[in-house]
Amino acid sequence: MLIALIVGFSLMGSVGAILLAAFLLLFPEKVRQLFIPSLISYASGTLLGAAFLGLIPSAIEQISPSSALTTVLVGMVIFFILEKFILWHHCHEVSCEARQAMGPLLLIGDALHNFVDGVIIAATFVISVPMGIGTALAVTAHEVPQEVGDFAILLDSGYSKKRAFIYNLLSSLSTLPGAILAYVYLKDLHSVIPYVMALSAASFIYIATVDLIPRLHRQTTLWDSVRQLVLMLAGIGTIAIFHLSW
């Protein structure tokens, strides 16, 4: 039963995100410009909620607070280094210089990222089902706007719509081996799980604070700010509900 949940929610966070992103691309540019900032606001909330309400507290229950927080800090430094090498770059801009004309590298980086997402989802499901669901939701929420950006970059790099969709879909499937391998091996390595969760929290915090929230600050009107805050709180609230209702 647990492996079925892990596989199902891993597919939701990978293939589901691809399908939603492809669906959004069917809308005119003006409509997408309304949807994407809202998705990013909500995704920021789900990522921060999953990190601070689920992953970090659960890690602290199993290892000392200093060990858990040190792992989070080390993880954020690691993700900074990886992003510098364009292996974990969540760019949401069509004109992102690091990804222009880098279709193959973009796909490889996404495949690596999706593999790690699978590990994160499986590790949290091993601890508890509600935490796994909340984590999968956070992964899906931030993957959708990222994949919209990836599609745009691949199209701008000369890929056809069909080719961009198929390649993005294939790269997203790396979530499954990540989830299955984590399920098989982490069950026998209980001492490793809290560190995996702390690293997962670091990745969520890094994505939210470095990649997503800075973009929200580009919209400075009162209405935009209120909408962003409400959607961010909605994302946090969604994660909180999963933890309170189970």
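Each reported figure results from applying straightforward, stated rules to the coordinates on display, with no laboratory input. Keep in mind the model is a prediction, meaning the values are calculated, not measured. Neighbour counts are summed over all protein chains in view; Cβ atoms, including those assigned to glycine, are modelled from backbone coordinates with ideal geometry.
Please identify the trypsin sites (Lys or Arg not before Pro) of segment 206-246 that satisfy two criteria: DSSP loop assignment and at most 16 other Cβ atoms within 10 Å. Which are they?
ARG218
Counting other beta carbons within 10 Å of each Cβ, put VAL192, VAL129, VAL119 in order, fewest first. It would help to have the intermediate numbers written out before the result.
Values: VAL192 13, VAL129 17, VAL119 23.
In order of increasing Cβ crowding within 10 Å: VAL192, VAL129, VAL119.
Computed from the coordinates I sent, Cα extents along the principal axes in Å equals one of (1) 59, 41, 35; (2) 47, 40, 34; (3) 66, 48, 38. Tell me the label.
Structure-derived value, by its label: (2).
Kyte-Doolittle mean at least -0.5 and Cα extent at least 20 Å along the axis: which DSSP H helices of the chain qualify? Walk me through the intermediate numbers first.
Working: long enough: 29-49 (30 Å, 0.51); 65-84 (29 Å, 1.49); 103-127 (36 Å, 1.58); 129-156 (40 Å, 0.81); 222-244 (32 Å, 1.36).
For the chain, where a helix must reach 20 Å along its axis and average at least -0.5, the hits are 29-49, 65-84, 103-127, 129-156, 222-244.
Roughly how far apart, in whole Å, are the Cα centres of segment 104-168 and segment 26-82?
Cα centres, segment 104-168 to segment 26-82: 14 Å.
Exposure proxy check: PHE165, PHE204, PHE125 ranked by fewest other beta carbons within 10 Å?
Working: PHE165 18, PHE204 29, PHE125 25.
Fewest to most other Cβ atoms nearby, the residues stand as PHE165, PHE125, PHE204.
Could you pull out the longest piece of the chain with no exposed loop GluC sites (Glu not before Pro) in it, calling a site exposed if DSSP puts it outside H, G, I, E, B and it has at most 15 other Cβ atoms within 10 Å?
On the way: sites that count: GLU93, GLU97.
After excluding every exposed loop site, the longest remaining stretch is 98-246.
Could you tell me which residue out of ALA202, GLY235, PHE151 lies farthest along the dipole of the chain toward its positive end? Charges go on the beta carbon: Lys and Arg +1, Asp and Glu -1, centred on the Cα centre.
Highest projection toward the positive end goes to PHE151.
What does the charge dipole of segment 116-239 about its Cα centre add up to, to the nearest 20 debye, if the Cβ of each Lys and Arg holds +1 and the Cβ of each Asp and Glu holds -1? Could you put the intermediate results ahead of the total?
On the way: 7 positive and 8 negative charges, 39 e Å.
Around 180 debye, computed over segment 116-239.
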